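*Asks:* First the structure, then my questions, so here it is.
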Amino acid sequence: MTRIETLQMLSLLKASYPAFYSKFQKAELESIANLWTEMFEEENFEITKYALKELIATYSGYPPDIATVKNKIKELCATATGEETDEQLWLRLKEALKNGIYGSREEFEKLPPVLQRYCGSPATIREMAVIDSDILNTVNKGQFLKQIKIIREREEYAMRMPESMKMLVSQIKSVPELPRNDVKMLDEVM
């Protein structure tokens, strides 16, 4: 979003929560506008506006914060694209396990990327296919639901990260570390 679009969003918030925004001085409102502009620079204006209006319609008390608006955008996009829930992904994985002993490679290749990352390789499907169903549906399901959430959060974080930051991180990561001689360093300090 552009700065003008962000100001339109903040104008909606100010109109919806006048008592909250009446406390701020001009300099504070400018800081808020700067932060929101930076935080929403890669968001689509129309989607953000829709998300904000949805929140205004259901949110009482204080105005929604940046994280709440971002989560609403994420929720709207997942709903619109038909993104599978964690439970639906678990059912897809269980379906793949039915043919997992002899067809683990084929089943692995049919899985969506997030499930492929969870499994890592066809060998995991083969291993899970022989687990007792009671253990699979309790212990393994619990582990899956925890881990798939972490995998999705990492993917979302990577998608949200601006390209400039990704490049910066990759440059830092590619710089080889110099060998350290802790004893020598300690002697120099002492």
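*Asks:* In debye, nearest 20, what is the charge dipole magnitude of segment 13-81 about its Cα centre with +1 on Lys and Arg Cβ and -1 on Asp and Glu Cβ, if you could check?
*Replies:* 300 debye
*Asks:* Compare the Cα positions of Gln88, Ala57, Met128 along the charge dipole of the chain (+1 at Cβ of Lys, Arg; -1 at Cβ of Asp, Glu; about the Cα centre) and return the one farthest towards the positive end.
*Replies:* Ranked along the dipole, the leading option is Ala57.
*Asks:* Take the Cα atoms of the chain, find their three principal axes, and give me the spread along each one in whole Å, biggest first.
*Replies:* Sorted largest first, the three principal extents are 66, 61, 26 Å.
*Asks:* I would also like to ask the following. Once you have the alpha carbon radius of gyration of segment 3-81, what is it after dividing by 2.2 N^0.38 Å, with N set to its residue count? Before the final figure, lay out each step's value.
*Replies:* On the way: Rg = 12.3 Å, N = 79, 2.2 N^0.38 = 11.6 Å.
Compared with the compact-globule rule of thumb, segment 3-81 sits at 1.07.
*Asks:* How do Met167, Met161, Met128, Met1 rank when sorted from fewest to most other Cβ atoms within 10 Å of their own Cβ?
*Replies:* With the fewest neighbours first, Met167, Met161, Met128, Met1 line up as Met167, Met161, Met128, Met1.
Each reported figure results from applying straightforward, stated rules to the coordinates on display, with no laboratory input. For clarity, every value in this text was computed on a predicted model and none was experimentally measured. No Cβ is skipped: glycine too gets one built from the backbone with ideal geometry, and neighbour counts run over all protein chains shown.
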